[in-house]
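This report concerns only the one structure given below.
The values are calculated or read from the model by the stated rules, or taken from the named source; none is laboratory data. Values in this document were obtained by computation on a predicted structure and should not be read as measured data. With ideal geometry, Cβ positions are generated from the backbone for all residues, glycine too; neighbour counts draw on all protein chains shown. Note: accessible area is taken over every heavy atom of the protein model, side chains too, but ligands, DNA and RNA are not part of it. Shrake-Rupley method; radii C 1.70, N 1.55, O 1.52, S 1.80 Å.
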Amino acid sequence: RILRSAAEALRLREGAALTQERADAIRDAALEATARTHALRRLARSDATAASLRRTLVERCGIDETGAAGVVKHLVADGWVDDARYARDRAARLAAERGLAGEAIASILVEEGVPERVASRAAAAAAPTAMDASRALAIARSVAPPSKTPSKGTGRDAPGRRRAKIARTLAAKGFDADTISGVLERLGIADDLDA
């Protein structure tokens with residue numbers, strides 16, 4: 001099966017001679033129709049970037065890079081694929097659900113196929129740098145709340161362990177060293193630098 005637009009472009013008519021060139025063109029059109037169907041099914045389950053969708057079509061549908069690019073180009077034109085929309089939605093989820101800093105969000109988006117400029121804008125909107133300190137402080141308080149009993153520095157809630165846990169967690173979420181240091185100072189545990 002091929003799309004009607006492809007059949008019209010190939011000027012297919014009942015009873016027309018079938019040359020090897022025309023047979024190859026029909027085969028390519030059938031591959032593109034299969035790839036489009038696969039892409040639409042994929043997009044019905046979840047959004048995707050143009051780059052990741054092209055890779056999927058090449059790997060799963062047997063279509064070449066040029067054909068996959070053509071299918072994705074049509075899906076972009078039809079509004080099915082929009083890297084900026086994907087980046088905005090994904091960045092907002094990463095910031096809300098995982099508490100990631102903007103740089104970490106941008107890095108994930110680029111790995112998922114979002115162009116770097118689009119990823120940076122979406123990450124900055126979802127996790128503004130100006131809010132890093134307050135977001136990092138909230139995360140620190142949730143992952144390592146202060147002990148209700150005074151510690152002598154050797155127990156589970158020792159300031160050094162708390163500081164290390166907070167620093168590791170914030171670093172893993174992409175916060176920079178200055179933000180982490182500021183949070184530790186604000187919590188009053190920055191003096192435990194060697195712990």
Quiz prompt | Residue satisfying condition, being among the polar types (S, T, N, Q), under 30 Å from residue 184 (Cβ atoms) and in contact with a Leu (Cβ under 9 Å, 6 or more places away or on another chain), within set 134, 120 | solution = 120
Quiz prompt | Filter result (farther than 13 Å from residue 174 by Cβ, among the aliphatic types (A, V, I, L, M) and in a helix (DSSP H, G or I)) within the stretch 79-109 | solution = 84, 87, 92, 96
Quiz item: Identify, please: which residue in the stretch 54-74 is surrounded by 19 or more Cβ atoms within 10 Å (Cβ to Cβ), at pLDDT below 95 and of a type in the set (A, V, I, L, M) and is, among those, farthest from residue 84 (Cα to Cα)?
Solution: 63
Quiz item: In the stretch 75-102, which residues are open to solvent by less than 20 Å² (accessible area, probe 1.4 Å) and over 13 Å from the mean Cα position of the chain (by Cα)?
Solution: 75, 81, 99, 101
Self-check item: Residues satisfying the stated conditions in the stretch 94-140, i.e. touching a helix residue (DSSP H, G or I) at 6+ places or on another chain (Cβ under 8 Å) and among the acidic types (Asp, Glu)
Solution: 103, 112, 116, 132
Quiz item: If we keep just the residues of the stretch 36-53 that are in a helix (DSSP H, G or I) and among the hydroxyl-bearing types (Ser, Thr, Tyr), which is modelled with the lowest pLDDT?
Solution: 37
Quiz item: Which is farther than 17 Å from residue 98 by Cβ, open to solvent by less than 50 Å² (accessible area, probe 1.4 Å), at pLDDT below 90 and hydrophobic (A, V, I, L, M, F, W, C), of 190, 133, 195, 167?
Solution: 190
